[in-house]
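Following: one structure in structure tokens, then a few remarks.
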Amino acid sequence: MSYSYQIQSLEQYKEAYKQSIEQPEAFWASIAEHFAWRKKWDKVLNWNFKEPKVEWFKGAKLNVTENCIDRHLATDGEKPALIWEPNNPEERVRIVTYNRLHKRVCQVAQMLKNNGVKKGDRVCIYMGMVPELAYAILGCARIGAIHSVIFGGFSAQSIADRLEDAKAEFIITCDGAYRGEKIIPLKSVIDDALIGNKTVKRVIVYTRTRIPVSMIKGRDIWWEDEMEHAEQQIEKNGKIHFEAEEMDAEDPLFILYTSGSTGKPKGVVHTCAGYMIFTNYTFVNVFNYQQGQIYFCTADIGWVTGHSYIVYGPLSAGATSLMFEGIPTYPDAGRFWDIVDKHKVNILYTAPTAIRSLMGFGTKPLEGKNLSSLKVLGSVGEPINEEAWHWYNENIGKKKCPIVDTWWQTETAGILISNLAGITPSKPSWATLPMPGVQPVLVDENGKEVIPTNNETIAGNLCMKAPWPGIIRTTYGDHERCRTNYFATYEELYFSGDGALKDAEGNYRITGRVDDVLNVSGHRIGTAEVENAINMHTDVVESAVVGYPHNIKGQGIYAYVILGKHNADDELTKKHILETVSKIIGAIAKPDKIQFVRGLPKTRSGKIMRRILRKIAEGELENLGDTSALLDPSVVDEIKNNRL
């Protein structure tokens, strides 16, 4: 089966793209007809980028979970919705049908209601990659609560900041999570995050690892007990059902925190209708999804990729989504290929970081693994380098599987630029063409559009001229921050923060961040956030953080640090700084290199010249530009001479 809005040829792509630009409202209204609505919209689109204000399908009423679950039950109730592959390959795989998913989500909805959760309340979810995480997300959506999932690698301080910003009153967590050989003590981290917290009323704890945890009377309750009680309450005539809350198209669905160029993480808000339609449309078309295929996205649901392309996109399309608890190298570097072979995976969507890491183990882990079920390969999180693209193509796809190189962001909800599998041409390390409804433009530093001449490839800052249904609506509790971050840099444009190239055929290649944000293993980390954490260490006077090329992560973190006093053991001080960053943000933000310096290259007005530090970190030591205007030009030579 294919969808009537599924693009089948390059010609059809061109037609769809043309219509989506010339008649965006008619185009998206025709796509929206494929979904279940309680009430249709009064107006398809209302927008201006000055405020900014964007509203899609205004006046429409729906519930996202009815589109992700209920509408599939009559024909596909016994079809697997989720296949769960545990961390330990010896443990039992869990197959969750759409019927079972419906039952569990209804139970979670009742459990939340029993504990005082109402429409519009914020629920923080901090769990391992278990099916219960998907149940929790969808249970929130069913009652209209706003979920905010936090990646399991973030520290107690990072969680506390997010709880405070969202004013969350409810938390769902696990006792612990398995990650390779490690057990991550999630509940213990939550306990630390809640020290001094005055807003959280309930912590619901799912049992996964059976490590000892503290349970505070009146606040902490067990998931299993609550789910059993909920089941008894909503079972009628042998069936379990919880009526979904009616939501407005523009009601918030979730908040997802992402790093910015200032120290404080910002809560990106996505709303119900536009988000659902855009993730569904991009999922079906980018991966050329066919009913019955097994789709495996290796992301963590703590990031937007997991939200959009493990949960909402695939489930709204009635797909079978494979969810993996572990890591690609446990118990050995053949784990992904074992999973593909075992479950006869048809579509594999992973990150260049994972591909580069697995390349390092060579082809031995592939021996004896049957990958012939694969039809489509995907890449997400950062631009894929040509070497990794070719390795992926030759060794995993056997040169028979199109590779979709997808570019998008937390703020965009879904894929904006990508080739469509088997439909539009691919070009190694290029994201290629925009999705229908997406209008990219490259501009120079002054916001003037860069126009190509004589079939040349041009470079510029990547912006969007018009909204698509999944565009960010606001940053939670601070709309001005949304405006200044995305809509104020260039007039009447959404600014992505990325630079890009565009060739004569209209293909785009993303060249990386042009602001003070790093892309480490596909995850965005603000330099200011890392600097703030480093500066919390008692011996640190000041620091500056930049990115540099890293063989596995794409970008590594290079920190230049001024100490108040040098200890006898500089290596120990570095370890203390790394531990400080881990405690404040999480291990994901630990610098790869720390260079102690006497001073930083500053202008006379006190601005740090990061451009110079970036070039030194990248090993470009000759062309540093004019340093005579610096307060103390001699520090540049010292930093160069002591580069790590």
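We did not get these values from a lab; they are worked out from the coordinates using the rules stated. It should be emphasised that the depicted structure is a prediction, and the values quoted were computed from it without experimental measurement. Every residue, glycine among them, receives a Cβ derived from its backbone with ideal geometry; neighbour counts consider all protein chains shown.
Points worth noting:
- Packing-based order for 545-558, 29-42, using average beta carbon neighbours within 10 Å, highest first: 545-558, 29-42
- Over the chain, DSSP H runs of length four or greater, each weighted -39,500 (n - 2.57), average out per residue to a 222 nm ellipticity of -8000 deg cm²/dmol.
- Cα-based shape type of segment 74-121, given that a ≥ b ≥ c are square roots of the gyration tensor eigenvalues and the cut on a/c is 1.5: oblate
- On the basis of the beta-carbon distance and an R0 of 35 Å, GLU571 and GLU622 show a calculated FRET efficiency of 0.70.
- MET215-GLU181 pseudo-label distance in nm [points 7 Å out on the Cα-to-Cβ vector]: 3.2 nm
- For ARG38, the shell of other residues with beta-carbons less than 15 Å away shows a net charge of -3, using +1 for Lys and Arg and -1 for Asp and Glu.
- Too-long pairs where the Cα-Cα distance tops 28 Å, listed order kept, from LYS448/LYS640; LYS182/LYS583; LYS58/LYS118; LYS103/LYS187: LYS448/LYS640
- Under the combined filter of DSSP loop state and at most 16 neighbouring Cβ atoms within 10 Å, segment 572-644 retains these trypsin sites (Lys or Arg not before Pro): ARG598, ARG604, LYS607, ARG643.
- Each peptide in 230-241, 321-332 gets a packing score, the mean of other Cβ atoms within 10 Å over its residues, and the list from highest to lowest is 321-332, 230-241.
- Using Cβ point charges alone (K and R +1, D and E -1), the dipole size of the chain about the Cα centre works out to roughly 660 debye.
- Grouping the Cα pair distances of segment 517-641 into 5 Å bins from zero gives a pair-distance distribution of 2, 11, 21, 23, 20, 15, 7, 1 percent in increasing distance order.
- Note on GLU90 and ASP632: the model spin-label points, each 7 Å out from Cα along the C-beta direction, lie 5.9 nm apart.
- Of all DSSP beta bridges confined to segment 98-245, the antiparallel ones make up roughly 25%.
- Farthest positive-ward along the chain dipole, Cα basis, beta-carbon charges - from PRO52, LEU442, GLY144: GLY144
- ALA29 sits among other residues whose Cβ lies under 15 Å from its own Cβ, and their net charge, with Lys and Arg +1 and Asp and Glu -1, is -1.
- Segment 254-304: C-alpha pair distances exceeding 18 Å, %: 51 percent
- Beta bridges assigned by DSSP with both partners in segment 517-641 are antiparallel in approximately 80 percent of cases.
- Surrounding net charge for LEU644, when Lys and Arg each add one and Asp and Glu each subtract one, Cβ distance under 14 Å: -1
- Start at zero, step by 10 Å, and the Cα-Cα distances of the chain spread as 3, 15, 26, 28, 19, 7, 2, 0, 0 percent across the bins.
- Förster radius 35 Å - calculated FRET efficiency between ILE552 and TRP47, Cβ distance, rounded to 0.05: 0.30
- Cα gyration tensor shape for segment 128-194, rounded if a/c is under 1.5, else prolate or oblate: oblate
- Note on LYS399: lysines with a C-alpha under 23 Å away, same-chain residues under 8 apart excluded, are LYS342, LYS344, LYS364, LYS369, LYS375, LYS427.
- Packing rank of 271-278, 354-361, 120-127, where each peptide gets the mean count of other beta carbons within 10 Å, highest leading: 271-278, 120-127, 354-361
- For the chain, DSSP calls about 60 percent of its internal beta bridges antiparallel.
- Residue-normalised convex hull volume from the C-alpha trace of segment 98-245: 106 Å³ per residue.
- A Förster distance of 35 Å, applied to the separation of the beta-carbon atoms of GLN291 and ASN114, puts the FRET efficiency at 0.45.
- Between THR453 and GLN23, residue separation times 0.36 nm minus the direct Cα-Cα distance comes to 152.0 nm.
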